[in-house]
Amino acid sequence: QVQLVESGGGLVQAGGSLSLSCAASGTIFTINPMGWYRQARGNQRELVADVDAHGMTNDAESVKGRFTITPATANTMNRVLLKVNSLKPENTAVYYCNAKSTIYDGEWKSIDYWGQGTQFTVSS
């Protein structure tokens, strides 16, 4: 089992910056990768960015160059940080931390764990 606790978010003006943090606990050794998704009102949940245990990132095209995801500790999937810059009103959404856990239970299984979500709103 993996538990995820998010922090950060809030209200920010367009052009501003903020940081989101997600801390994992439980069977963190099974996690790879860990990242952030977002869901704007009326839209499906979509990937923002994730990072694997080797520090390799996978970023959505819409956030490249503005959002940066890093593990808090190199080679450890216990906390990830998402730094967001040059915010736009269309970045308003609920942001969810995600951890993909792979376990062996007679067969290999991949389980998605989610945080409770944190809202951030970008005002124009």
Considering only residues that are assigned to a helix (DSSP H, G or I) and surrounded by fewer than 17 Cβ atoms within 10 Å (Cβ to Cβ), which ones fall in the range 19-33? Phe29
Tell me whether the range 90-106 contains one or more residues that are touching a residue at least 12 places away in the same chain (Cβ under 8 Å), surrounded by fewer than 15 Cβ atoms within 10 Å (Cβ to Cβ) and under 14 Å from the mean Cα position of the chain (by Cα). no
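Going by what's in this entry, would Gly16 be described as in a strand (DSSP E or B), small (Gly, Ala, Ser) and open to solvent by less than 40 Å² (accessible area, probe 1.4 Å)? Working first, answer last.
Working: in a strand (DSSP E or B): no; small (Gly, Ala, Ser): yes; open to solvent by less than 40 Å² (accessible area, probe 1.4 Å): yes.
It is false that Gly16 is in a strand (DSSP E or B), small (Gly, Ala, Ser) and open to solvent by less than 40 Å² (accessible area, probe 1.4 Å).
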Checking the structure you have, find out if any residue of the range 58-77 is over 15 Å from the mean Cα position of the chain (by Cα) and either crowded, with 17+ Cβ neighbours inside 10 Å or under 14 Å from Val122 (Cα atoms) (or both). no
Given (1) within 21 Å of Ser7 (Cβ to Cβ); (2) assigned to a loop (DSSP other than H, G, I, E, B); (3) not acidic (Asp, Glu), where does Arg38 come up short, assuming only one miss? (2)
Can you list the strands (runs of 3 or more DSSP E) found entirely within the range 41-124 that contain at least 3 residues being touching a Leu at 6+ places or on another chain (Cβ under 9 Å) and not acidic (Asp, Glu)? 67-73, 76-84, 93-104, 118-123
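The values are calculated or read from the model by the stated rules, or taken from the named source; none is laboratory data. Predicted, not measured: the structure shown is a model, and the values here were computed from it. Cβ coordinates were reconstructed from backbone atoms using ideal geometry, including for glycine residues, and neighbour counts include every protein chain displayed. In case anyone asks, the SASA skips ligands and DNA or RNA and just uses the protein heavy atoms, side chains included. Shrake-Rupley method; radii C 1.70, N 1.55, O 1.52, S 1.80 Å.
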